[in-house]
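Here is the structure we will look at, set down as structure tokens.
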Amino acid sequence: MKTNAVMIASALAAALALAGTASAQEAKTEKCYGIVKAGKNDCQTATSSCAGTAKRDGQKDAWLAVPAGTCAKIVGASLTPGK
Amino acid sequence: MSQGTLARIQDEFARALLFGDEAAAARLVDDGLPAAARLQIHRNHLFHSLTQALMQTFATVERLVGERFFAGLARAYIAEQPPRSPCLFEYGEGFADLIARHPACAALPYLADVARFDFAVNLAWNAPDRPAIGLDGLARLDAESLAGARLALTPSLSLLHSDYPLAAIWRANHRPRGEEEGVDLDAGGGRFMIWRLEGEAAWRELAPADFAFLQSLADGHCLGEAAEAAGASGPFDLAAALSLLAGQGILIGFRNAVARMSSVINGDVS
């Protein structure tokens, strides 16, 4: 079915009529809480210019071992190789 | 010092920071600590700060793989794509693509899309504010102009189509530590819009046609073309899609008007 200008105009008219009832849809919207917003809005320096010295540079490849977080809780056939 | 020399020194210094290249150390004087050790402090600080910034932006990814694994990914990313802007909230655009092709992540095929979701949430928090317009702004147009109108959408909006249940993964990983829920990857994927609503990052899952409609508008197609693309993707209710746009603060005006306005602001009269 071809979408023509008249159909769009009438959909807009219908949407305008709907405007008062649209709030029912908002229930499906989710808001993200708990995100750190501050501290990234400029060149960040850690607590002092030497803060990085505590983190030694000796782990270049060691991390490749195994992820250690919550990914163990993600299960499913989609994980099998070749997906 | 000639321009060429300065450029070379800066290049050596950057290489020293990103790759541990030692040429720059030879140019530095020892001062209490050997030059190479002082350079190493700078290098550690660079990687540490940027890793912390990435960890905040990609909080779900970090929770999924753990701090150590994440730091390894971050190290690879920082060396490959150092920041181009001083604003750390903008950093990380290519991180998802690096995850997608990194061998260490091969067993975690969903991880790149989780990173895309995290980055979209980050953009939703940080994108500039633009006042939304309502549908009455469209109602002023005659039918022909309406069908040909190219709508401008809020810069906080991202559209993301994934084969994986990103919302469930996100939700499960933003519960208190130790209370994470399990997620079944086979639950199927989804199409998401992620944007800022009333000062908060928000997302909702979209039907295929609504997603195609928004994607087409975001790609710069006119309302008529977007409605056709949507109709080709599944059952589509244009009236409902328009009230979604306006009701959620997605619609901010018209592309031509926005382009014209920014060319006036930039003094770019062409």
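The numbers here are math on the coordinates, done by the rules we state, and not lab data. As the structure is a computational prediction, the values presented were derived from the model and not from experiment. Using ideal geometry, Cβ is built from the backbone for each residue, glycine included, and neighbour counts are taken over all protein chains shown.
Hey, for a label at A:Ala68 modelled as a point 7 Å past Cα toward Cβ, could you say which residues of the range B:66-100 have their backbone N under 17 Å away?
Counting backbone N atoms under 17 Å from the label point, the list is B:66-75.
Per residue of the range B:162-173, what does 6.51 cos²θ - 1.76 cosθ + 1.60 with θ = phi - 60° give for ³J(HN,Hα)? Whole Hz please, x for Gly and Pro, Karplus curve as stated.
So the J values, rounded to whole Hz, are 10, 7, 10, x, 4, 5, 5, 5, 4, 4, 4, 9.
Once amide H atoms are placed 1.01 Å from N in the peptide plane, what residues at a sequence separation of 5 or more from B:Asp21, or on another chain, have their amide H within under 5 Å of its amide H?
The answer is B:Ala16.
Counting other C-beta atoms within 10 Å, which of A:Cys71, B:Cys222, A:Cys32 has the fewest, and how do the rest follow?
Going from least to most buried by this count: B:Cys222, A:Cys32, A:Cys71.
Estimate the FRET efficiency between B:Asp163 and B:Asp136 by the formula 1/(1 + (r/R0)^6), using the beta-carbon distance for r and 35 Å for R0, to the nearest 0.05.
Numbers: r = 39 Å, r/R0 = 1.12.
Calculated transfer efficiency: 0.35.
If you take the beta carbon distance between B:Asp30 and B:Arg68 as r and set R0 to 35 Å, what does 1/(1 + (r/R0)^6) give as a FRET efficiency, to the nearest 0.05?
0.55
Residue separation times 0.36 nm, minus the C-alpha to C-alpha distance between B:Glu93 and B:Ala143: what's the value?
14.1 nm
At what distance in nm do the modelled label points of B:Asp184 and B:Ala232 sit from each other, each positioned 7 Å from its Cα along Cα→Cβ?
About 3.5 nm, to one decimal.
Give the range of the longest stretch in chain B that excludes all GluC sites (Glu not before Pro) found in loop regions by DSSP and having at most 16 other beta-carbon atoms within 10 Å.
Looking at chain B, B:94-178 is the longest stretch - no exposed GluC sites (Glu not before Pro) with at most 16 other Cβ atoms within 10 Å.
Amide H to amide H, which residues 5 or more places from A:Gly76 or on other chains are under 5 Å from it, using H placed in the peptide plane?
Distant-sequence amide H within range of A:Gly76: B:Leu185.
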